[in-house]
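Let me give you the structure first, and then I'll get to my questions.
Coordinate-derived values only; no laboratory data. Quick caveat, the model's predicted, so the values are computed rather than measured. Cβ placement follows ideal geometry from the backbone for every residue including glycine, while neighbour counts extend to all protein chains displayed.
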Amino acid sequence: PKIPVKPQKPLIVALGGVLGLLAGVALAIVRSLFMGGIRNPQEIEAHTGLSVYSVVPFTQEQLLIEQRIAAKTPGLQLLTVSNPESPPVESLRSLRIALQFATLEAGNNRVMITGATPGVGKSFISANFAAIMAIAGKRVILIDADMRKGHIHQQFGTTRENGLSERLAGMIDDTRAIRREVIPNLDLITTGKLPLNPADMMMSETFSNLLDTLSAQYDLVVIDTPPVLVAADAAAVAPLAGAVLLVARADQTQLGELNESAKRLVQAGKPASGVIFNAMDMTRRHYGSYKYGGYRYTEYKYKAG
Ligand SMILES: Nc1ncnc2c1ncn2[C@@H]1O[C@H](COP(=O)(O)OP(=O)(O)OP(=O)(O)O)[C@@H](O)[C@H]1O
Ligand SMILES: [Mg+2]
């Protein structure tokens, strides 16, 4: 007679537990590989080989500025000017030093700001970084070269017309294309009316000649560009720049996207100089022990003040 095998309850429970745990771990790994955004700058340095030049905190104040832009409030809508002591501005100040080395090495005073995808903060960083350098006494020109949907003019309370696209189409000259002193020491070239062939324009000789002229006239040329993974011309423009910065947004940009963007820049012949890790939520608990460049400085300053 066959003796029924007693179900090995404890074994099954233990096995189930282990399997469940393994599945959970596997899921977490897969999730962070394919879906989750980058949570902290260490992940970038560990998994991409790119160095993080600056960590820019998220700030509620920028949301208020966006609301004022949406409400068409006239005037400057620039964080650096309205909130010069806010944490993102402090962080971008610290970027100065790192960049000085990168551009010196390249012998070229153009800094191109790009990123993998839309909405990571390329234009926010470009406008505020340009303003910070101007306030520090450099002669700076900011170019909105996102001729697909650039909107840097909004932060400066002006319109897009008579900007880069008209200048590259030969419809206007530099005197008209350059808005002088949008803040002291800072000149601006807006996108212009959005053209049908932005890629051709950005890859044209006219554009590279314009950059040569501007490089000679200014201490620093800051170029805001479309996302590398969306528009091929962003990578094509990179070799014209001395330093290329990739903006990655906390909890949004994925490691894969960052790696792919870096790869495209390498293929274009101009590897990324470094990453700006933007919109990091500094109030969250797991960032508590985290200290990084400008942020530590800000904290210290707030305590001292
Ligand atoms: N550190 C930050 N804190 C708060 N808000 C931010 C921060 N950085 C960017 N933002 C906001 O995120 C939104 C997207 O930023 P921005 O327009 O600069 O991105 P972008 O990469 O230039 O996007 P696009 O590719 O569409 O031009 C904007 O509303 C901006 O105000
Ligand atoms: Mg933009």
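Using alpha carbons only, how many degrees (0 to 90, rounded to 10) separate the axis of helix 205-217 from the longest principal axis of the chain?
Approximately 80 degrees, to the nearest ten.
In whole Hz and in residue order, list the ³J(HN,Hα) couplings for segment 163-168 that follow from phi through the Karplus curve 6.51 cos²θ - 1.76 cosθ + 1.60, θ = phi - 60°; x for Gly and Pro.
x, 4, 5, 5, 5, 6
For the chain, give me the percentage of DSSP beta bridges that are antiparallel, rounded to the nearest 5 percent.
So the antiparallel bridges amount to about 5 percent of the total.
Separate question: Can you give the relative contact order of the chain as a percent, counting alpha carbon pairs under 8 Å and 6+ residues apart?
28
Given Cβ point charges of +1 (Lys, Arg) and -1 (Asp, Glu) and nothing else, what value in debye, to the nearest 20, does the dipole of segment 39-304 about its Cα centre take?
560
Please list 3J(HN,Hα) in residue order for segment 73-78, calculated via the Karplus relation 6.51 cos²θ - 1.76 cosθ + 1.60 where θ = phi - 60°; whole Hz, with x for glycine and proline.
Running phi through 6.51 cos²θ - 1.76 cosθ + 1.60 with θ = phi - 60° gives 5, x, x, 5, 10, 10 Hz.
While we're on this one: For segment 1-158, rounded, prolate or oblate, judged on the Cα gyration tensor with a ≥ b ≥ c (square roots of eigenvalues), a/c < 1.5 rounded, else prolate if a/b > b/c?
Prolate.
Using helices alone, what [θ] at 222 nm do you get for the chain, with -39,500 (n - 2.57) per DSSP H run of 4 or more residues, divided over all residues and rounded to the nearest 500? Can you show the working numbers first?
Working: 13 runs with 140 residues, N = 305.
Taken over the chain, the calculation gives -14000 deg cm²/dmol.
Another one. I'd like to compare 86-94, 16-24, 267-275, 197-205: which one has the highest average count of other Cβ atoms within 10 Å, and what's the full order after that?
86-94, 267-275, 197-205, 16-24
At 7 Å along Cα-to-Cβ for each site, give me the label-to-label distance between Glu205 and His151 in nm.
Going from the Glu205 label point to the His151 one covers 3.7 nm.
Give me the angle, in degrees from 0 to 90, between the Cα long axis of helix 60-70 and the longest principal axis of the Cα atoms of the chain, rounded to the nearest 10.
Once rounded, one gets 50 degrees.
Kindly express, to the nearest 10 degrees and within the range 0 to 90, the angle between helix 293-304's C-alpha long axis and the longest C-alpha principal axis of the chain.
80
Step through the residues of segment 248-254 one at a time and calculate ³J(HN,Hα) from phi using the Karplus curve (6.51 cos²θ - 1.76 cosθ + 1.60, θ = phi - 60°), rounding each to whole Hz and writing x for Gly and Pro.
10, 9, 4, 6, 10, 5, 9
Also, quick follow-up: So if each residue of separation counts as 0.36 nm, and I subtract the Cα-Cα distance between Val266 and Glu85, what length gain in nm does that give?
61.6 nm
Also, quick follow-up: Any idea how far apart Arg96 and Asp173 come out in nm if each label point goes 7 Å out from Cα toward Cβ?
Using points 7 Å along Cα→Cβ, the separation is 3.5 nm.
Which order do the peptides 131-144, 40-53 take when ranked by the mean count of other beta-carbon atoms within 10 Å per residue, highest first?
Going by the mean number of other Cβ atoms within 10 Å, highest first, we get 131-144, 40-53.
Follow-up question, since we're still on this one. Would you please classify the overall shape of segment 115-253 from the alpha carbon gyration tensor, given that a ≥ b ≥ c denote the square roots of the eigenvalues, rounded means a/c under 1.5, and beyond that prolate means a/b larger than b/c while oblate covers the rest?
rounded
With the crude spin-label approximation of a point 7 Å out along Cα→Cβ, what separation in nm comes out for Ala70 versus Arg284?
Modelled inter-label distance: 2.3 nm.
Please state the shape class of segment 201-253: rounded when a/c is under 1.5, otherwise prolate if a/b exceeds b/c and oblate if not, all from the C-alpha gyration tensor.
oblate
Moving to a separate point now. What does the extension gain come out to for Leu19 and Arg180, with contour length at 0.36 nm per residue minus their alpha carbon separation?
51.4 nm
What full-extension length gain, to one decimal in nm, is calculated for Glu105 and Asn259 as 0.36 nm per residue of separation minus the Cα-Cα distance?
53.1 nm
Principal axis lengths of the chain from Cα atoms, whole Å, largest first?
102, 49, 42
Can you list the residues, at least 5 places off or on another chain, whose amide H is less than 5 Å from the amide H of Gln77, using H built in the peptide plane?
Correct list: Phe156, Gly157.
Taking 22 Å as the cut-off for C-alpha to C-alpha distance, list the pairs among Lys122/Lys149; Lys149/Lys263; Lys122/Lys270; Lys122/Lys193; Lys122/Lys263 that go past it.
The pairs that break the limit, which is 22 Å between Cα atoms, are Lys149/Lys263.
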